[in-house]
Amino acid sequence: MGTAPKLSVHVAQPIEWRHSGVVVLDQRLLPDREVHNTYTDYQHVARAITDMEIRGAPAIGVAAAMGLAIGVERSKTETLDELRKEFDAICDTFAKTRPTAVDLFWAIARMRRAFDAACQAAEGTGSPARVLDDVRGAMVREAHLVHQEKREHDEAMGRHGAPLLPRSGRVMTQCNAGALATAGIGTALGVIRVAVSEGAELEVLVPETRPYLQGARLTAWELQKAGIPLTLITDNMVGHCLKTLGVGAIVVGADRVAANGDTANKIGTYQMAVLAREHDVKFYVAAPISTLDLSIASGDSIPIEERSEDEVLHVRGVRIAPDVPVAHPAFDVTPARLITAIITERGVARAPYEQSLKELAEK
């Protein structure tokens, strides 16, 4: 596809590794304040994931990799056997943070492999302190590699997906699948960013994405920073806008993609896809290969996270409803039949997804 375009647009940094610790941009405070918190222990990084201080499937994967690395780097254990036991506990802590985003479990599995390989390579090569230092260094390097690869994958997705968007007009997205969600340029927003950098004249319709308002708070903030035209809409305007405003395409991110192409994404994506089919609007999913879960046949097996009732009953600390029963599934599953194509860093998959996704995963 050629070299990646040089993007001049502002790209947020949701997470960084520094000598002082893991630095996380607190997305709960956007767009009012840009606050970066520095964490020096893995428990705080895990809590940042659970509390949605950092969110978005790829960014959660990066955060888990960095959290595991800092857990090993800052460990007080004195023997390799002790470190192995502690590492198992650290992995278990991260596995319990968010159940739907498969990038989390991909990152844990990858860091486990790196840890095992580092232990095997270091064992018996020197003093216990030297062995532990070697393992710590290997884990930090692997976390850096995960972060760099995610950035590269976003840019590749952008190059593959940009030609699918119209050269001018309106497009729509859902939730936030930008730099804040990936630690790169974004998946869905990455596709839009690259299209704009290549001359497309696009306006992005951004649903607010209740109840956590990722669209209103985060996507609108990112697009404004990037200088990309946008219009914020409420979630219940999607059908009307698709019917009346000439939307050329929808592109969304994903938290888990099953072997048949069924896709879990932020709640509200499924109804958007249904409305897109009704109005003959192409519906694209942009997701890295790490988001594919080929171990499950369909979306029926994707676990759906249920979050706190308070996030529905309150908006930024202000109660908006009486004390009544609340349903709060954080994600829904869009059937593969409603998806025009799935954009990955290795190419574009189309139906039948069982075949095309498998081929891309093995590529």
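Each value in this text was obtained by applying a stated rule to the coordinates, not by laboratory testing. Keep in mind that this is a model prediction, so the values were computed, not measured. All Cβ positions, glycine included, derive from the backbone under ideal geometry; neighbour counts span all protein chains shown.
Of the listed peptides 244-257, 31-44, 142-155, what is their order by residue-averaged count of other C-beta atoms within 10 Å, with the highest listed first? Let's see the in-between values first.
Details: 244-257: 23.5, 31-44: 14.4, 142-155: 19.9.
For the peptides 244-257, 31-44, 142-155, the packing ranking is 244-257, 142-155, 31-44.
For a test of the definition: using alpha carbon positions, the gyration tensor, and the 1.5 limit on a/c, classify region 193-327 as rounded, prolate or oblate. Working shown, then result.
Numbers: a/c = 1.61, a/b = 1.09, b/c = 1.48.
Since a/c reaches 1.5 but b/c is at least a/b, the shape of region 193-327 is classed as oblate.
Based on the Cβ-Cβ distance of His240 and Lys76, what FRET efficiency does E = 1/(1 + (r/R0)^6) give at R0 = 51 Å, to the nearest 0.05?
Working: r = 58 Å, r/R0 = 1.14.
Working from the Cβ atoms, E equals 0.30.
Is there a quick way to get the dipole size of region 179-272? I mean about its Cα centre, with the Cβ of Lys and Arg at +1 and of Asp and Glu at -1; what is the value in debye to the nearest 20? Before the final figure, lay out each step's value.
On the way: 7 positive and 8 negative charges, 38 e Å.
Dipole about the Cα centre, nearest 20: 180 debye.
Extension gain Glu34-Asp280, at 0.36 nm per residue separation less the Cα-Cα distance, in nm? Working shown, then result.
Details: separation 246, 0.36 × 246 = 88.56 nm, distance 3.91 nm.
Computed gain between Glu34 and Asp280 is 84.6 nm.
Taking the Cα centre as origin and putting +1 on Lys and Arg beta-carbons and -1 on Asp and Glu beta-carbons, what dipole magnitude results for the chain, to the nearest 20 debye?
On the way: 40 positive and 47 negative charges, 158 e Å.
Dipole magnitude for the chain comes out near 760 debye.
Just add up the charged neighbours of Pro166: K/R +1, D/E -1, any other residue whose Cβ is under 10 Å from the Cβ of Pro166. Intermediate values should be presented prior to the final figure.
On the way: positive: Arg167, Arg170, Lys282; negative: Glu201.
Every neighbour counted, the sum reads +2.
So what is the calculated 222 nm ellipticity per residue for the chain, using -39500 (n - 2.57) for each DSSP H run with n of 4 or more, over all residues, to the nearest 500 deg cm²/dmol?
Rounded to the nearest 500, it is -13000 deg cm²/dmol.
Setting aside same-chain residues fewer than 8 positions from Lys96, which lysines have a Cα under 29 Å from its Cα?
Lys76, Lys85, Lys150, Lys266, Lys358
Arranged from highest to lowest average of other beta-carbon atoms within 10 Å per residue, in what order do the peptides 327-337, 125-135, 209-219 appear? Intermediate values should be presented prior to the final figure.
Details: 327-337: 18.1, 125-135: 14.9, 209-219: 23.1.
Order by mean packing, descending: 209-219, 327-337, 125-135.
For Ile296, what is the net charge nearby, where nearby means another residue's Cβ is under 10 Å from its Cβ and Lys, Arg count +1, Asp, Glu -1? Don't skip to the end; give the middle numbers.
On the way: positive: Arg256; negative: Asp262, Asp293, Asp300.
That works out to -2.
Which aspartates and glutamates, on any chain, are close to Lys363 with Cα under 13 Å apart, when same-chain ones fewer than 8 places away are left out?
Glu345
Once the other residues with Cβ under 15 Å from the Cβ of Leu242 are scored (Lys, Arg +1; Asp, Glu -1), what is the net sum? Can you show the working numbers first?
Working: positive: Arg170, Lys243, Arg277, Lys282; negative: Glu203, Asp235, Glu278, Asp280.
Once all neighbours under 15 Å are counted, the net charge is 0.
When a/c is below 1.5 the answer is rounded, else prolate if a/b is larger than b/c, else oblate, so apply that to region 180-264 with a ≥ b ≥ c taken from the square roots of the Cα gyration tensor eigenvalues. Working shown, then result.
Numbers: a/c = 1.28, a/b = 1.07, b/c = 1.20.
Here region 180-264 falls in the rounded category.
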